[in-house]
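In what follows, a structure is listed as C-alpha cells, so that the remarks can point back to it.
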Amino acid sequence: MYSPHEKRSEPFYKPPNSAQKTSAEIINEARNSLRTLKTRRPFTPREDQRKLFGPFSSRTPDNRPPSSFSLHSCSFESPDSRPTSGTRLSPLPNKPKLPSPEADDGIIASFPQPPLHTVPPRRPSRTRTHLLVATSHENILANSGKHQIEGKSLNICKQTQFIKEDTTEEDITSHSLNNSATQLDYNIYGNLEAQGKAEETSYPQNIKKYGNIGGNKSKSPSPDESKALHREAESSGNESETEWERSYWNENISPILQALEEAQQDENLEDLCSLSVKLWKTLDDGSMLGKRCKRRSQILKTLYKLVDVGSDRLGLTLAKLILELRVSGKNLLNICKLVFKISRSENNDSLFQSDNMMGVLLEVLQNEDAQANSEAFLYCLGTIKFLSGNTVLLNELLKKQAVEILLELMKQIIQFNPVPEKLSSNMSHLLVQITATLRNLADLSQSRPKFLATNALMDLCMLLERYIHDKDICTNVSRILSKFSLYHDCCMALADCSNSYAIYLSVLNKHPNKQDLLVRIVFTLGNLTAKSDMARKQFYELEGSIKTLLHLLHTYCDLDKKTQSSMSSAKEKPKGEKQPNEVEDILIKIVSLLANLSVHPKVGEHLAADQSCVLCLMQILEYKTIEQCDELVINTLAAFSNLSYYHGDSSVITKRRMELSNLLLPLMLSNNMEGILEATRVYGNLSQYQDVQDFILEQNVYKFIVTLLDSGQQDVCFYACGVLINLATDSNKKILLKKEGAVEKLVECLRDFGGSDWQLAGLVCKAFWNFMDTTTDVKLYFGFEETNKLLDLLSSFLDEQIVLDCCGNVDLMDYQRECWEVEFKPVASLLLDKIHNHHSYLEPLPGHA
C-alpha cells in the first residue's frame, strides 16, 4: 500500500501497475467488474398427446412408424402351423422338377391338376375328430412299446388365420424321428387305438368352473424341485415331455386354460384377469416361463384369443405373461404394440405401477436382438418413454437400472452402425426413443451418479457428433446435456470430453434455425464457460467460434425486432407473468455466453474491440425495455459491465461511452432493482472518465446512486460505492454528494456490513479517503458526530479478534482473514491516522477498477 504522503496523480479507480495481485485482489476485481451469468433453463413444453414422435419432430408422417393402429387376435402368428398328425413326412429323396410356366417354344406348360372325381365321404373316427381340435405338443401314443412321436396341432380358428411363428426345439427332435428306420403305419381314414388311450389320459374330465381350478389333492413340486427336474431333462438332451411335466400340466395348467375359455365366453373380465394372474403364478411355480414349457404353444393360442376382449387391464396382464413366455418375431412386435397402445393413456399409468411390467419391458431390451426386432424395440422403447413422464414410474425405472440398460443399448447401436449415413431408419428411430427417455431420467438428481459412472456424457457427445444430421436425436441429446450442465461435477465431465467444444460449434453451424436445439447448446456452453476459464479459452480458440456466435446474435436480434414490431400494438407483458418467447430466450443465452466468455482477458479485449458485437448489444438496449423482457436486458447490461472493464484504446465501448451512458439512464429510473444494480455496475466502470462523471451529475444519476446505500443489500451498496469513489475525486462533485447525505449513509453502510463483508468495508473506507482529499475536506465533509462514529467503527474493526468473532462460517475463515488483511486493514489504518491527524495532506489513494 502507498504512503499517504506519496504524491499520486492517478485516480482512485486505477490499480497500481507494479503491485503483485493477491488472490483476494483478484476476487475483488472480479466482484467489481467481471462476473459470470447463470440463465434460466430452456423451457420444454409438455406434449398434449403421447406419440412416438412429438409435434415438433423433424420426421414427416410418411417416414416414421404410426402411433395409432388396430390390434386383434388375428394379428398374431400361431406357434403351430403343421398338421396335428403325430407323424412327419420324410424329406423326398429326389426333389421333382416342375415344368417352367413357359416352354422354350413359347407354349405354356400345364400344371398337374387334382382328380375330377371326389373321394366318397366317410364318417371320421373319434380319433380323427379329436385330431382336428387344437392340441399342444404331446406324446400321442401311450407307452406300450410303440415309438412315441411328438407332433404339432393345427389350430382351426374361424376368427384368426395363423401363420408359422418360428422353428422350435421340437422341430429338431421331430426331424430326427422322421429319419429313423421305424415308420408309423398310418391310414388317414383309420383309427389309432394307442392314440385313443392317450386321449383318455390327456385332460381331466370334470373341470369345475373357475373356483376349483388346480384344487386337486396332488402335491405340486417345490420351485427348487421343478428347476432340478428341468435341468435333468435339459442335460439328458431329451426334449420329450417328462412324466412330471405331463402331470403338472394336467393337474395345474390345463384347468386354468379351460376356465379362461369359459370366462371369455361369459365375458367375465374379473375372472379373466384373476385367471391370467393365476396362470402366470402356476407357470412360475413350475419353472415353465420362458421357452421351457413343452406345451407353450397351447398357452399362447389361448392368450392370443383373449386380446379381442379389449380391456386395457386384461391386455397388460396378458402382455406381461406372453412376454415372459419369450415370444419372438411378429408376436413380439404385436405384444409390444399392445403395451404401447395401453401406455398412450395417462389413466393407465396406475396399471403399470401395480405390476412389474417395467422390469419385463427392460428385460426385452436386454434379452432380444435390437437389429432383428427393431420395430418391436421401437414400441417397447416408446412405452418406456411415455411411462418415464410419470414421476412414480420414473423412479421405478431408475431402480431397475434403466439408465445402464438404455446406455448399453445406445452404445450397441453406435457400434453396429459406425457410419451414420448407412443407419437404417428403424435404428435411428430407436435412438430418438432412447435419448428421449434418458432426458426424462436426467431430471432425477439420483440419476446423475449413474450417468457419471457409466461415462455417459462422453457417449452422448459422440452420439451428437455422429448423428449431427438427425435433428431429433441432436435435440434430445442437447436437452440431456443442458440439464447436466447445471452441476459442477457434470460440467467437469463434459469439459473432459475430447473435442466436445468443436462438436457444440458444429451443431450451431449445422442447425442455426433449429431454435429448440440451438438454445440448449448455447445454454450448455454458457454454463461451462461460467465455471471454467479453461472452457472460455478452449472455445474461443476454435476457428470461427466468435464469428458464429456474433452471426447468431445479429440474426436473432433482427428476428426479435421484427417480431416485436408486428406485436407493437399488444400490451407489454407484466414481469414474471410470461416466459420469454423462443427468440428472446435464444438471445438471452447468446448474450449470457458472450458475457461469460469476456471474463477471460484475451476474449474480453477481443469482444470489447469488436464493433459489430458492441453495436448489436447497444441495439438490444435501444429497442427492448426491461418491462418487455427483464432477463434479456439484465444479461445485456451484465455483458456491458464485463466488456467495459477493458477500457483500452481499441475498446469500442470506450469510444461510445456517452451513447451507452444515455442508454443506461432509463434503467436507473425503472422499478427493477436488478436492472438498476447492473446499470450501476456499468456506470462504475464508465465513471472513471470525466465526461461520464459530468453526465451523471447533469442527469441527477448521483442522487439514485446515493439512495442505493439505503437498500439494505450488500451487493447494491458495493456497486454504489464504486461509483461514489470515482465521483469523489472532484471537489465540486463532493459538495453535491455531501448534500445528498452520502457521508452519513456510508458510515451506516460500514456499521451494518463491515463485520460480515470486508471487501465492502474496504471499499467504503476508500470512498472516505477520497472525501478527505485535503485538510479542508476533513472539516468540510465530516462533522463531529460522523467523525466519532467513524473512529469507533474503525478502531473496533481493526481489532484482529473481530475477524474470528464476526465470521460464523468456519469454512470461510481463511478467506475472511485474507480479505480483512488485504482489502480492509491497510486502508482503514491510513484512514484512522488521517482522522487523528486531519491537518496532514493526502492525495487520493490508488485502488482497483
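The values are calculated or read from the model by the stated rules, or taken from the named source; none is laboratory data. Everything quoted here is computed from the prediction, not taken from an experiment. As a convention, Cβ positions derive from the backbone with ideal geometry for all residues, glycine included, and neighbour counts pool all protein chains shown. The protein model used for the area step is the full one, side chains on, heavy atoms only, and it has no ligands, DNA or RNA in it. Shrake-Rupley method; radii C 1.70, N 1.55, O 1.52, S 1.80 Å.
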If I filter the stretch 473-480 for residues that are within 22 Å of residue 502 (Cβ to Cβ) and small (Gly, Ala, Ser), do I get at least one hit?
yes
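Residue-by-condition table, conditions (1) buried (at least 20 other Cβ atoms within 10 Å of the Cβ); (2) over 30 Å from residue 253 (Cβ atoms):
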site	(1), (2)
319	yes, no
322	yes, no
344	no, yes
377	yes, yes
380	yes, no
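Looking at 361, 381, which is the one that is more than 17 Å from the chain's Cα centre (by Cα) and more than 25 Å from residue 491 (Cβ to Cβ)?
On the way: 381 fails: more than 17 Å from the chain's Cα centre (by Cα).
Of the residues listed, the single one that is more than 17 Å from the chain's Cα centre (by Cα) and more than 25 Å from residue 491 (Cβ to Cβ) is 361.
Which of the residues spanning the stretch 539-565 are part of a helix (DSSP H, G or I), free of Cβ contacts under 8 Å to residues at least 40 places away in the same chain and farther than 19 Å from residue 586 by Cα? Outline the logic, then answer.
Taking the stretch 539-565 as the starting set, the residues that turn out to be part of a helix (DSSP H, G or I) are 539-541, 545-565.
Filter once more, so that each one left must be free of Cβ contacts under 8 Å to residues at least 40 places away in the same chain: 541, 547, 551, 556, 558-559, 562-563, 565.
Across the stretch 539-565, the qualifying residue is only 541.
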Select, from 673, 668, 658, the only residue that is open to solvent by less than 40 Å² (accessible area, probe 1.4 Å), of a type outside the set (Asp, Glu) and over 19 Å from residue 599 (Cα atoms).
668
For residues that are open to solvent by less than 30 Å² (accessible area, probe 1.4 Å) and among the charged types (D, E, K, R), scanning just the stretch 808-849, find the one that is modelled with the highest pLDDT.
823
Would you call residue 636 in a helix (DSSP H, G or I), without any contact (Cβ under 8 Å) to a residue 60 or more places away in the chain and either among the aromatic types (Phe, Trp, Tyr) or open to solvent by 10 Å² or more (accessible area, probe 1.4 Å) (or both)?
no
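Answer with yes or no whether residue 331 is in contact with a Pro (Cβ under 9 Å, 6 or more places away or on another chain) and closer than 24 Å to residue 381 by Cβ.
On the way: in contact with a Pro (Cβ under 9 Å, 6 or more places away or on another chain): yes; closer than 24 Å to residue 381 by Cβ: yes.
Taking the combined requirement at face value, the residue satisfies it.
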Look through 680, 729, 707 and report the one residue that is out of contact with any Gly (no Cβ under 7 Å at 6 or more places or on another chain) and within 21 Å of residue 656 (Cβ to Cβ).
680
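Take residues that are within 14 Å of the chain's Cα centre (by Cα) and tell me which of the helices (runs of 4 or more DSSP H) falling wholly in the stretch 461-536 contain 3 or more.
Numbers: elements: 471-484, 488-496, 500-510, 515-531.
In the stretch 461-536, 471-484, 515-531 are the helices (runs of 4 or more DSSP H) which contain 3 or more residues that are within 14 Å of the chain's Cα centre (by Cα).
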Regarding the stretch 617-629, can at least one residue be identified that is touching a residue at least 12 places away in the same chain (Cβ under 8 Å), part of a helix (DSSP H, G or I) and closer than 20 Å to residue 725 by Cβ?
no
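Residues checked against (1) among the aromatic types (Phe, Trp, Tyr); (2) open to solvent by less than 20 Å² (accessible area, probe 1.4 Å); (3) within 26 Å of residue 488 (Cβ to Cβ):
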site: 527; (1), (2), (3): no, yes, yes
site: 543; (1), (2), (3): no, no, no
site: 552; (1), (2), (3): no, yes, no
site: 563; (1), (2), (3): no, no, no
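Of the residues 768, 718, 753, only one is open to solvent by 20 Å² or more (accessible area, probe 1.4 Å) and aromatic (Phe, Trp, Tyr); which? Break it down stepwise before answering.
Values: 768 fails: open to solvent by 20 Å² or more (accessible area, probe 1.4 Å); 718 fails: open to solvent by 20 Å² or more (accessible area, probe 1.4 Å).
Matching residue, one of 768, 718, 753: 753.
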With respect to residue 348, is the statement that it is out of contact with any helix residue (DSSP H, G or I) (no Cβ under 9 Å at 6 or more places or on another chain) and under 26 Å from residue 399 (Cβ atoms) true?
no
Which pairs have Cβ atoms under 8 Å, sit 6 or more apart or on different chains, and link a residue in the stretch 356-372 that is part of a helix (DSSP H, G or I) to one that is open to solvent by 10 Å² or more (accessible area, probe 1.4 Å) and among the acidic types (Asp, Glu)?
358/396; 360/324
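Could we say that residue 795 is on the phi < 0 side of the Ramachandran plot and assigned to a helix (DSSP H, G or I) here? Steps first, answer last, please.
Details: on the phi < 0 side of the Ramachandran plot: yes; assigned to a helix (DSSP H, G or I): yes.
Yes, satisfied.
Residue under question is residue 252, and the condition is that it be open to solvent by 10 Å² or more (accessible area, probe 1.4 Å), modelled with pLDDT of 90 or more and more than 37 Å from the chain's Cα centre (by Cα); does it hold?
On the way: open to solvent by 10 Å² or more (accessible area, probe 1.4 Å): yes; modelled with pLDDT of 90 or more: yes; more than 37 Å from the chain's Cα centre (by Cα): yes.
Yes.
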Residue 428 within 14 Å of the chain's Cα centre (by Cα) and at pLDDT below 95:
no
I'd like the residue in the stretch 285-306 that is in contact with an Asp or Glu (Cβ under 6 Å, 6 or more places away or on another chain) and outside any helix (DSSP H, G or I) and, out of all such residues, is surrounded by the most Cβ atoms within 10 Å (Cβ to Cβ).
294
